[in-house]
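Peer 1: Dumping the structure here so I can ask a few things about it.
The values are calculated or read from the model by the stated rules, or taken from the named source; none is laboratory data. This one's a predicted model, so the numbers in the text were calculated from it and none came from an experiment. When we count neighbours, we look across all protein chains shown, and the Cβ atoms used for this are built from the backbone with ideal geometry, even at glycine.
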Amino acid sequence: MTSPGFEQGTAEYVAEGWPARTDRAARLFAKQHSGFLTDLDVYTPAEIEVEPVFRDFLRPRGLGWGVASAVTVPSGDRLIFNVERAFARGPVTRDVVARLDALRPHLARAATMSARLRLQTVRAAAQALDVVGVPAAILGRQLQVLAVNAGCEALFGYTVQEARRFALTHPEADNPRTARPMPKTADAELQTPEHRAWRLAVLQRAGWCCEDCGAQGGRGGVRLFADHVIERQDGGALTDPNNGRCLCGSCHTRKTVAERARRMAVRSAAAEPGRG
């Protein structure tokens, strides 16, 4: 948001990519000051003379002296209240800062109320999606979780933590006594769009059912695997849907165990105790 007198300047500031070309906001946040700060509070006079945002953007528009304050709202977003002063009037004085500091609590409350109303809207949207059976997790601009509906939590089967980032927890995995090492996927070819398309084609052809036992997959059903009939190491085509079958977790495990058993080397003689 901007005042009418600086709408064009703000649009040009964003269009020309200045937010990413200056550390003006970063310096303000780094101060962690619960009040207004002038440019001379975060830059030295020498730094201002060579800082591109002052030299190439603000001063050509008759500006160049600013005062600002940062506010963190409940959603985790950080807002900046910024006032620009005409360059010809000189640096922002301390009496101006004092008057702005008196207004800051009211500005912060208004920002907080606005953020809370926005959060209520976001949560209502997540709940509405849950009513029509759509799992949803809504993230903010900094990728923090703003809302998660019940369908999303049920889909993962784990606990969803609303932290700075979207996180899933699993009690067994978090317990060092019961946790098992995560399998390493060394095959980059298994992460390609072609392989994902092959997997989807195999599952759709099977009607989302295990082709061995008939177990139903999909939401609320068993987990399904797309398995190669002829393994890749034996010359099987990687992305041919005809070289695939749909298996549930139990059938997939039995098939894997059976294959490993077939590949085990048979001993020609019994091993001595403690050596086999």
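Peer 1: Out of Gly221, Gly236, which single residue is in contact with a helix residue (DSSP H, G or I) (Cβ under 9 Å, 6 or more places away or on another chain), modelled with pLDDT under 70 and small (Gly, Ala, Ser)?
Peer 2: Numbers: Gly221 fails: in contact with a helix residue (DSSP H, G or I) (Cβ under 9 Å, 6 or more places away or on another chain).
So the residue among Gly221, Gly236 that is in contact with a helix residue (DSSP H, G or I) (Cβ under 9 Å, 6 or more places away or on another chain), modelled with pLDDT under 70 and small (Gly, Ala, Ser) is Gly236.
Peer 1: What do you reckon, is Arg262 over 25 Å from Val134 (Cα atoms), at pLDDT below 60 and part of a helix (DSSP H, G or I)?
Peer 2: Details: over 25 Å from Val134 (Cα atoms): yes; at pLDDT below 60: yes; part of a helix (DSSP H, G or I): yes.
So Arg262 passes the test.
Peer 1: Given the options Ala70, Ala11, Ala88, Ala25, name the one that is in a strand (DSSP E or B) and modelled with pLDDT under 95.
Peer 2: Of Ala70, Ala11, Ala88, Ala25, the one residue that is in a strand (DSSP E or B) and modelled with pLDDT under 95 is Ala70.
Peer 1: Of the conditions (1) at pLDDT below 90; (2) of a type in the set (Val, Ile, Thr); (3) over 31 Å from the mean Cα position of the chain (by Cα), Val50 satisfies every one except a single condition; which number is it?
Peer 2: Tallying (1) at pLDDT below 90; (2) of a type in the set (Val, Ile, Thr); (3) over 31 Å from the mean Cα position of the chain (by Cα), Val50 fails exactly one: (1).
Peer 1: Identify all residues within region 17-63 that are surrounded by 12 or more Cβ atoms within 10 Å (Cβ to Cβ) and of a type in the set (Asp, Glu); write none if there are none.
Peer 2: Asp23, Asp39, Asp41, Glu47, Glu51, Asp56
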